[in-house]
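The values are calculated or read from the model by the stated rules, or taken from the named source; none is laboratory data. Keep in mind it's a predicted model, so treat the numbers as computed, not measured. For neighbour counting, all protein chains shown are included, and Cβ atoms are generated from backbone atoms with ideal geometry for every residue, glycine included. What goes into the accessible areas is simple: the full protein's heavy atoms, side chains included, and nothing from ligands, DNA or RNA. Shrake-Rupley method; radii C 1.70, N 1.55, O 1.52, S 1.80 Å.
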Amino acid sequence: MPVVKTALIWIHAPREEKESISARKRFAFEKVFLIQLAEQKKRLKYESKNTFVVEKNKDGVDEFLKRFPFEPTNAQIRALEIIFKDLGSGKPMMRLLEGDVGSGKTLVAATASYLLVTTRPLKHQEEGVFGRPSLSSDGLAKRQNFGNLQVAYMAPTEILAKQHFESFINYFSHLPIQIGLMTSSGCKKFPSKVNPNGATDISRTQLLKWVGEGVIPILIGTHALIQKSVSFKHLALAIIDEQHRFGTTQRALLAQKDSRDKPVPHLLSMTATPIPRTLALTIYGSLDLTLLDEMPKGRKEIITEIVLPGKREEVYEKVRQELKVGRQAYVICPRINEPDPNKELALLAKSVKTEAARLKKEVFPEYSIAILHSKMKGSDKDATMQKFTKRTIDILVATSMVEVGVNVENATVIIIEGAERFGLAQLHQLRGRVLRSTHQAYCYLFSDTRSKNSFERLRAIKKARNGFELAEIDLTLRGSGELGGGKQWGLSDLAMEAIKNLKMVEAARAEAMELLKKDPELKNYPLLQNALGDKKTTIHLE
C-alpha cells in the first residue's frame, strides 16, 4: 500500500490504471480504519467499567422457553447462548441482534430479561441487596417481592411499546414480577393491586418511585425512558428495539443511565432492518453482531406481486377470498389526507382517509374498514388496534406507521399503494406485518410508475428471499451515499465503495483493535488523535 505522498500523486496523476486503483484503495482503507478506530475506542471505554456478572440458570431458562407457543429456532438458541456468555464475562455486553422480520427477536430479549431479573449476580454484591439465590419459577412463585436487578426495554413507538408490554405480561404472568409501561400518553403496571390478573393505569410519579426503589424489575417504554426523571436502582440490561430509529445520543443515554457511581448495564440493541454485513461492521463497529438467520418452523414465504393499474380488480377479488375465510388485510397509503389541489407541487399519492372511504363504498362494502395514522389521538389508535386484533375490523387502512411493531397473526394480506414511494427496507418491514403465522401470506405492491429504476427496485423486493439479501440488492441499486457526509443515496464516495469489500473492513477493524491494545489513548499517534477529532469521521446513519 503506498504512503500518503505517493498515493496523492497516483490518484491525481496516475501513469497507469493500477496506480489509480492502488491509491483509491489506500484512501478508502484510511477512511474505514479511522471509523473503526473511533468505534473501538468507544467500546474499550465502555468495557473498562464495572458491570453485573450473571450466570446462566439453565433449568429456569429451559422452563421459561416452554411458555412460548412455538419451539425456539436454532438461531435463537445460538443467540441466547452468546448473550448468556456475554452476561457472565465480566465485561458489559455491547451486542447488536439483527434478525429478519418475524425471526423472533422478542423471544431472545424476553429470555435475557428473565435471566437478569431471576438470577443472583456473582459480582457487585452489596450487603442485603444481591443476597438472593438463583430460583426456578416454582421458588419465585413463593416470594412476594424480588427483582434486585432491572431491565429497561425501549421501543421507538407507543404501539410497539404497548405490544411488548402485553407480550411480557404473557411471558411473566406465572411469576411475581412487576412490569411497568411508560409512554408520553400514560403509565401502567402489571400486576395491579386492584386486578392481580391484569394491568392498571398508575400515575407517572408513582411509577418513577417504584422504579427508583427497584420494586419494578422490568420497565418498557418509548423515548420517555431516557428522561432525567427516570432513575433505576440497579439497571443491569438496556434493550433497544428497532435501534436504527434512535439517534446515537439517545441510545447512549439509556445504556449509561444512572451509571455514574454504579455498574453499567449490559446493552442489547435489536433491529429488523436488514443491514449488509460490511455496513454493520463499519457503522456499528463498537457492537458485536449476532444474526437471527432462521425463521420459526411452519412459516411460509410471502407471495409478493407487483400490481399495475389494470390488474387492481383481480387483486381485490383475491383479497375478498381471504376475507371470506376469516382473514384480515392491511392497505397502506403514503398520505393521511388528500393533497391541496391549489399547491403546484402537491404529491399525487393515495391518502388513508379517501382510500378507506372509496374501498368501503366501491370495493368492500360488506366488510368493516377502519383507519390508522399518526395524527390520531393515542386512545383512538389503541382502540383501533384492539378492534383489529380482536377481528372486529376486517381491513385496516393505514400509513407506514404500522411498519414497526404491529403484530396481528390473523392478517394475511397487505396492499401497499404507491409502492415506488417507499424505500426497500420500509417495504420489507411493511410486508413483514403479514408474516406472523403459518397461514399463507400475500403482499401486493400497487404502482403506476413508468420509471425503469423504480420498477427494478420493486422487482428486487419481489425476488429477494430475505431481508439480508434485499439489503445487498438495495446497496447496489441506489448507490451508497457518503459515509461521512449528508447524502444517504447517490454516487458512492471512496469509503462507501470500500465497505462493499468485507475483507477490507475486517482488516481495518483488526488493525484498529491491535493498535488500541498497544496504545489505548493513542499517545504515540498524535496525527490519529487529530483525525479522530475531525467531525467528518463521526457516522450517524439512524
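For the stretch 8-102, run through the trypsin sites (Lys or Arg not before Pro) and keep only the ones in DSSP coil with at most 10 other Cβ atoms within 10 Å of their Cβ.
Those satisfying the criteria are Arg15, Lys66.
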For the pair Ala349 and Glu506, the simple spin-label estimate (label points 7 Å beyond Cα toward Cβ) gives in nm 4.0 nm
With every protein chain kept in place and a 1.4 Å probe, the residues Thr111, Thr354 fall, from largest accessible area down, as Thr354, Thr111
Going through Lys5/Lys42; Lys324/Lys360; Lys324/Lys377; Lys56/Lys188 one by one, the pairs whose alpha carbons sit over 22 Å apart turn out to be Lys5/Lys42; Lys324/Lys377; Lys56/Lys188
Length gained, Ala13-Gln206, 0.36 nm per residue minus C-alpha separation, equals 62.5 nm
Simple spin-label estimate for Ser229/Ser48, 7 Å along Cα→Cβ, in nm, reads 3.6 nm
With a 20 Å threshold on alpha-carbon distance, the violating pairs from Lys350/Lys375; Lys311/Lys350; Lys58/Lys297 are Lys58/Lys297
Taking only protein heavy atoms and a 1.4 Å probe, the highest-to-lowest accessible-area order of Phe70, Phe364 is Phe70, Phe364
Shape descriptor, the stretch 281-423: equivalent ellipsoid semi-axes (Cα gyration tensor, sqrt 5λ, whole Å, largest first) stand at 27, 22, 18
